[in-house]
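Colleague: The structure follows.
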Amino acid sequence: MKRLVLIFCFTLLGIAALQAQSGLRVGANIGLPVGDSEEVSNFQLGADLAYMVGVADMLYVGPKVGYTRFFIEDMESDLVSIDIEDPSFLPIAASGRVSLLRGFFFGVDLGYAVGLNDGNDGGFYYKPQAGYNFGKIGLMLSYMGISVDGGNFDAINLGIEFGL
């Protein structure tokens, strides 16, 4: 009898973990710029809104929109002080995730990041990620890249998301 109750409890926990991926997800992240953007930026902040739908046993897909901003370091010298606006983007992407046992997941976002500043045309957006869901709250580690003319804006992110 104890074994049957334990099997039932673990089954319910597994179903709850799978359902935690579906629905509206709101997230925030902070990142350390790498590559080209590391030379001019201190850090990056972002926020995301996604709606995930289960299409197979452990596969979830859906649209995702967000906001990300790279904060530019002060560029001052004895001769000149340059004031540059922080590059901001509006990523619009398709998001996909594969849920694994015990709340672990892997995913990727692919789309286009619209530039929100003058002279910022935006570019191709990609964000592979891995994380763990604690029910309605998830923690994730990701690599975000935006390919723009003349370079890339890349960052390694640590994020949190909430299921609504």
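The values are calculated or read from the model by the stated rules, or taken from the named source; none is laboratory data. Since the structure is predicted, the reported quantities are computational estimates derived from the model, not experimental observations. Here Cβ is always computed from backbone atoms with ideal geometry, including for glycine, and neighbour counts include all displayed protein chains. To get the accessible areas, we keep the full protein, side chains included, count just its heavy atoms, and leave off ligands, DNA and RNA. Shrake-Rupley method; radii C 1.70, N 1.55, O 1.52, S 1.80 Å.
Colleague: Could you check, for the range 130-141, whether at least one of its residues is surrounded by 14 or more Cβ atoms within 10 Å (Cβ to Cβ) and among the β-branched types (V, I, T)?
Modeller: no
Colleague: Which pairs have Cβ atoms under 9 Å, sit 6 or more apart or on different chains, and link a residue in the range 62-91 that is modelled with pLDDT under 85 to one that is surrounded by fewer than 17 Cβ atoms within 10 Å (Cβ to Cβ) and among the small types (G, A, S)?
Modeller: The qualifying pairs are D74/S81; M75/S81; E85/G119.
Colleague: For the range 79-93, does any single residue satisfy the condition of being touching a strand residue (DSSP E or B) at 6+ places or on another chain (Cβ under 7 Å), open to solvent by 10 Å² or more (accessible area, probe 1.4 Å), part of a strand (DSSP E or B) and within 15 Å of R25 (Cβ to Cβ)?
Modeller: yes
Colleague: Can you name the residue in the range 34-65 that is among the charged types (D, E, K, R) and either open to solvent by less than 70 Å² (accessible area, probe 1.4 Å) or in a loop (DSSP other than H, G, I, E, B) (or both) and, of all such residues, is nearest to D154 (Cα to Cα)?
Modeller: Narrowing the range 34-65 to residues among the charged types (D, E, K, R): 36, 38-39, 48, 57, 64.
The next check asks that each one be either open to solvent by less than 70 Å² (accessible area, probe 1.4 Å) or in a loop (DSSP other than H, G, I, E, B) (or both); those that pass are 48, 57, 64.
Details: D48: 17, D57: 32, K64: 19 Å.
The selected residue is D48.
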